[in-house]
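A quick write-up on the structure given underneath.
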Amino acid sequence: MTPAVDLFRAAAATLRDTPTEERYGRVVAARGALIEVDGLAGAAQIGSRIRISTGKGMIEAEVTGLDAGLAQCLPFSEAQGLAAGNHAVVAAGQFAVRPCDAWLGRMVDGLGRPVDGGGALASGNLARPIRANPPLAATRSRVGERVETGVRALDVFVPLCRGQRLGLFAGSGVGKSVLLSMLARWTKCDVAVIGLIGERGREVQEFVEDDLGPEGLARSVVVVATSDEPALMRRQAAWTTLAIAEHFRDQGLNVLCLMDSVTRFAMAQREIGLASGEPPATKGYTPTVFAELPRLLERAGPGAAGQGSITGLFTVLVDGDDHNEPVADAVRGILDGHVVITRKIAERGRYPAIDILKSVSRTLPHCHSAEENAIRLAARRILSTHGDMEEMVRLGAYKPGSSAEVDEAIRIAPDIEKLLTQGKGDRGYAGATFDTLAGLMEPAAPVDAFPMGRAA
């Protein structure tokens, strides 16, 4: 087959996909954030892109509902200048991004547009839909080897493997974002794709400049949708984060996908559902929230044979420190493990405030060696025993010598807690941490009850 024939066929395919006509409608109502457009029956579908001409420029929107010939739309920006009778047109194609290697080191919004003042972005050859289906389960590879995160508590007790999806569950103000920044800098990967969904605007630059730094940013793409942006943009940013990660995964790279937070994605989806007339269910969350969560999270994970992987770390902001609230409960059932960060431990001054006994990695015990598992289980036993007896010891109700196991826990647990304490610049290494733990748990030398000699 000649190159000319190939070129002709490509041109013919492009022509077939090009719409032969444009359908125009007009705005007939606006209720809160919801815009209703008439005249697009048969042309507008759920997820279609709509462009609305206003007195202050063009508004881009998405069709989120259909009602008796009316297209219900939500805008991606503030609908300034909107008036009844404004013209609306269905734009060709779905929302898509064209990522490439030139995106590394850049910050983009939920539609893949640059927001860092670094100029226009180069475009890749392949248009990747922002909203895509997860890979088929039968085609996926297995989860890979253990990945060092640099966080001692995780590497020993809640290990992360290549292609695994781990949730970080925490209330507000207990060090979740700091832990995420440590993971962004230290976790081994080829490329990092970071989604800051619903974040405070002032924290974005702090995260990029202080936490990621020039070296971390050089291997990363940061997707930003701050808390002041419309719900549609916040939801779109989460999808775009996964779309960019899928691009690099398909190139055979091992991608680290960090998203802060899944809860704000769920809140954005709740706003969209309520605006479209969907009935509220559990704690005001609409049914589509619990349908969209697995579709988003399942996009991370191992790729097919010959592809790379997406190792996902997703933060969950638990409402009122209730780790059984609806979103946290749903996400915990989807992911391959959960890390519980508690206020009680943070108040003691131990950071990261990871509750070892409540955190689980579903790749255990296979990702550790037999010797490492023995050390891990022994340390967990000591921490569990110390936790059970801590209140009694503090009150003076426990008499030393009553239990050898409790005495051992009282002796060793504070040293384990000290080992698990890390600052933002204190990187840990799994091998050294296991060696230190093994040394801490060596039996103490026997104490002579008569140090000055025995009585005759």
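Dipole check for segment 199-304: with +1 at the C-beta of Lys and Arg, -1 at the C-beta of Asp and Glu, and the Cα centre as origin, the magnitude is about 420 Debye. Here the chain is treated with +1 on each Lys and Arg Cβ and -1 on each Asp and Glu Cβ, and its dipole about the Cα centre works out to around 500 debye.
Among residues other than residue 273 whose Cβ falls under 12 Å from its Cβ, what is the net charge (Lys/Arg +1, Asp/Glu -1)? Summing Lys/Arg as +1 and Asp/Glu as -1 gives -1.
Pairs of Cα atoms nearer than 8 Å and 6+ residues apart set the relative contact order; for segment 57-208 it is 13 percent. The relative contact order of segment 27-131 comes to 24 percent, based on Cα pairs under 8 Å that sit 6 or more residues apart. Excluding residue 239 itself, what net charge comes from residues whose Cβ is under 11 Å from its Cβ, given Lys and Arg +1 and Asp and Glu -1? Result for the local shell: +4. Shown here: segment 37-93, whose C-alpha atoms stretch 28, 22, 16 Å along the first, second and third principal axes, sorted largest to smallest.
With a cut-off of 19 Å on the backbone N, the residues of segment 83-108 near the modelled label site 7 Å out from residue 51 along Cα-Cβ are 83, 85-98.
Beyond 12 Å, what share of the Cα-Cα pairs of segment 124-164 remains, rounded to the nearest whole percent? Pairs farther apart than 12 Å: 71 percent.
The orientation-averaged shadow of the Cα convex hull for segment 115-204, equal to a quarter of the hull surface, comes to 9.0 nm².
Over all other residues within a Cβ to Cβ distance under 11 Å of residue 337, the charged ones net out to +2, with Lys and Arg as +1 and Asp and Glu as -1. Inter-label distance, residue 377 to residue 295: 4.3 nm, where each label sits 7 Å from its Cα along the C-beta direction. A Förster radius of 22 Å combined with the Cβ-Cβ distance from residue 391 to residue 172 puts the calculated FRET efficiency at roughly 0.25.
Distance from the alpha carbon centroid of segment 92-155 to that of segment 295-356 works out to 19 angstrom.
The alpha-carbon positions of the chain define a convex hull whose volume is 186 Å³ per residue.
The calculated FRET efficiency for the pair residue 281 and residue 319, based on their C-beta separation and a Förster distance of 25 Å, comes to about 0.95. The residue among 281, 223, 237 whose Cα reaches farthest toward the positive pole of the charge dipole of segment 195-296, with charges on the beta-carbon of Lys, Arg, Asp and Glu, is 281. Using the average count of surrounding beta-carbon atoms within 10 Å as a protection proxy, the listed peptides 48-55, 369-376 rank, highest first, as 48-55, 369-376. From the P(r) of segment 230-298, can you give the percent of Cα pairs sitting at distances over 14 Å? Within segment 230-298, distances greater than 14 Å cover 60 percent of Cα pairs.
Estimated purely from DSSP H runs of n ≥ 4, each contributing -39500 (n - 2.57), the mean residue ellipticity at 222 nm for the chain is -10500 deg cm²/dmol once divided by its residues.
Averaging Cα coordinates gives a centre for segment 51-80 and one for segment 360-375; these two points are 52 Å apart.
To put it simply, the accessible area of the chain at a 1.4 Å probe is 54 percent carbon and sulfur. Shown here for segment 112-184: trypsin sites (Lys or Arg not before Pro) in loop regions (DSSP other than H, G, I, E, B) with at most 15 other Cβ atoms within 10 Å, namely 142.
The values are calculated or read from the model by the stated rules, or taken from the named source; none is laboratory data. Computed from a predicted structure; not experimentally measured. Every residue, glycine as well, gets a Cβ built from its backbone with ideal geometry; the counts of neighbours run over all protein chains shown. All accessible areas refer to the heavy atoms of the entire protein, side chains included, with ligands and DNA or RNA removed. Shrake-Rupley method; radii C 1.70, N 1.55, O 1.52, S 1.80 Å.
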